[in-house]
Amino acid sequence: MAKLKLPTPSEALDRVRETEVWKSIFRPGSIFRRGYRDTSRDRALATMNNVLYHLHPVKMKRHGLKLTYTFCLGGLSFFLFILLTITGIYLMFFYRPAAELGSAQAYTDMQNIRTSVFFGDLVRNLHRWGAHLMVFSVTLHMARVFYTGSYKPPREFNWVVGVLLLFLTLGLSFTGYLLPWDQLAVWAVTVGTSLAGYSPLIAKQANFLLLGGVIVGPDTLLRWYVLHVLALPFVLVIFLSVHFWRIRKDGGISGPL
Amino acid sequence: MARDDTPLDQETFDRVLAEELGKGVDRRVAEGRARSAAVRAARAQSGEAPAATPAAAAAATPAGDGDGATAPAAAPAAAAPAPAAAVPAAVPAAAPVAAAPVPVGAPAATLTAPERQAPPPSGNVPEPKKGAPEKHRLLALVPPEGIQRVEREQGDRINVWPHLLIEEFVAMMIVLAALTIFATFVNAPLRELANPNLTPNPSKAPWYFLGLQELLRYFHPMVAGVLFAPTLVLLALAVAPFVDRNPSIRPGDRKVAITLFTMLIMFGAVLTIIGSFFRGTGYNWVWPWAQGVFFEL
């Protein structure tokens, strides 16, 4: 009986690379099709044949690498958004936005997340602290963009989109603030929305629209939950796409100063 | 660089166009060749060093094939490799074209080709020609000056992979690690169940609205609540690039803009810090080191 010869790992990898499935996943020219050698060509192909090509060009200005130019703030804001989405989806499995008088399901679910859900407390902490950090990093990102003069032509419109994204980030943070349905959440939101209630002419209507009633109640919770997990992220992702697209169309990173 | 920005030598354009039309080539092709020649002549005149790159030299030298009008201007081209000068100007003409005779006495050529109006929609979906091959061309060869010339300084550029992507990855990991450690040891607050009949003292908004809440202590709600904070600040920020028409991005040239923005940021930060740490029971002033901090995230 002939001895069975096992392929070496590199031979096995080569054989896998020849399969139709592999070829259907990785585009011609992808480094995963033909292997990566550290050459200029393969460095370019690594970006070009990657979904990252939607976010990053193949080449960029050297000064854009300098940490003190961007402080990575935009990228980190995006990273925090991803982190908040992941932790938020996990929390959604254990949370019901119901707050009838006497038995607030939302609050009970919060207590369960803290005590009995697998890693629930850590995920909730990550979500909460990450959200505060995101508001902070988006604000700092805006300051960085201002100080480097990056809002100047041709980037004016992208600055306007950025202001909108800041507004949406605040909206997401504020709507999420209510969801624990504890004393802190309800009264912070009561105070916060009363600020909006000072609008001239439409004060009452604006407040009613925000709260779904005259005070913060069960309807407010459901309304803000839907805004928090669906409506606002949806709008944010659309403007985020425009924001990223315009960075590349407007010539990549601004500067150097 | 947009097409209209490309400098053209009008004289050369008119002359080459007339020549080409005289040879009986299609008007569209003739315009392209005239344009190409005019761009080369204009570049030779403006003294753009034709020998900057071998390719540029090869493109620029055929301008010397013209008559005396462009010959002196093409003098720098002599510095280019000699064989390049021997390239006949008629090389691009080798492309097969459907030569539709155009009267030589065509109206005087304009600098840019006249706009070609598309025929109005007839409502009939066009049928492919009988016997035509099932193909269409996706790629055409055009002389680089014929249609448009994109000019951009390549500058000092680096590959995004690996340089930027590794930096981004490290930044992400640092933030993730710091946040995870923080979240492991510091619990997010969860107070007792909400009670609409029991107002906590003090009642504060989330921290990013505390500047606004603080402002309400000093101004009429109408001013602080709506006219001032959300509308005015957000609107002012949004229109900033349209108001600030100073093209410079050097900090030394932007003293007013930087001062105004820094004042805005400082104003917001100070109000937020006061609202967060210096306001206690009854939203009265407290010293955080003496009476404690009345602040929850």
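Read-outs: derived from the displayed coordinates by stated rules, not from any lab. Keep in mind that this is a model prediction, so the values were computed, not measured. Here the Cβ is made from the backbone with ideal geometry for all residues, glycine too, and neighbour counts use every protein chain on show.
Observations
- FRET efficiency for the pair residue B:180 and residue B:246, taken as 1/(1 + (r/R0)^6) with r the Cβ-Cβ distance and R0 = 45 Å, rounds to 0.55.
- Rounded, prolate or oblate (a/c below 1.5 giving rounded, otherwise prolate when a/b exceeds b/c) for the range A:1-121 by Cα gyration tensor: oblate
- The dipole here belongs to chain A: it is taken about the Cα centre, uses +1 on the Cβ of Lys and Arg and -1 on the Cβ of Asp and Glu, and is about 1360 debye.
- Listed residue pairs exceeding 23 Å between alpha carbons, taken from A:59/B:255; A:59/A:249; A:66/A:152; A:23/A:249; A:23/A:59: A:59/B:255; A:23/A:249; A:23/A:59
- Residues whose placed amide H lies under 5 Å from that of residue A:148, excluding near-sequence neighbours: none
- Rounded to whole numbers, the Karplus 3J(HN,Hα) couplings from phi for the range B:280-297 are x, 3, x, 6, 8, 5, 9, 9, x, 7, 9, 9, x, 9, 10, 8, 9, 8 Hz, using 6.51 cos²θ - 1.76 cosθ + 1.60 with θ = phi - 60°, and x at Gly and Pro.
- When only Cα pairs below 8 angstrom with a gap of at least 6 residues are kept, chain A shows a relative contact order of 19 percent.
- Radius ratio Rg over Rh of chain A, counting only Cα atoms, Kirkwood formula for Rh: 1.11
- Table column - 3J(HN,Hα) (Hz), the range A:23-29, Karplus curve with 6.51, -1.76, 1.60, x for Gly and Pro: 5, 6, 7, 9, 5, x, x
- Taking the helices alone, chain A has a mean residue ellipticity at 222 nm of -20000 deg cm²/dmol, built from -39,500 (n - 2.57) per DSSP H run of at least 4 residues and averaged over all its residues.
- Residues whose amide H lies under 5 Å from that of residue B:286, counting only those 5 or more places away or on a different chain, are B:279, B:280; hydrogens are built 1.01 Å from N in the peptide plane.
- The range A:42-70 versus the range A:98-127: alpha-carbon centroid distance in Å: 41 Å
- Qualifying chymotrypsin sites (Phe, Trp or Tyr not before Pro) in the range A:1-100, DSSP loop, other Cβ atoms within 10 Å at most 11: A:93
- Axial C-alpha extent at least 18 Å, average Kyte-Doolittle at least 1.0 - helices from chain A (DSSP): A:73-92, A:156-178, A:183-196, A:232-249
- Contact order normalised by residue count of the range A:106-257, Cα under 8 Å, 6+ apart, percent: 26 percent
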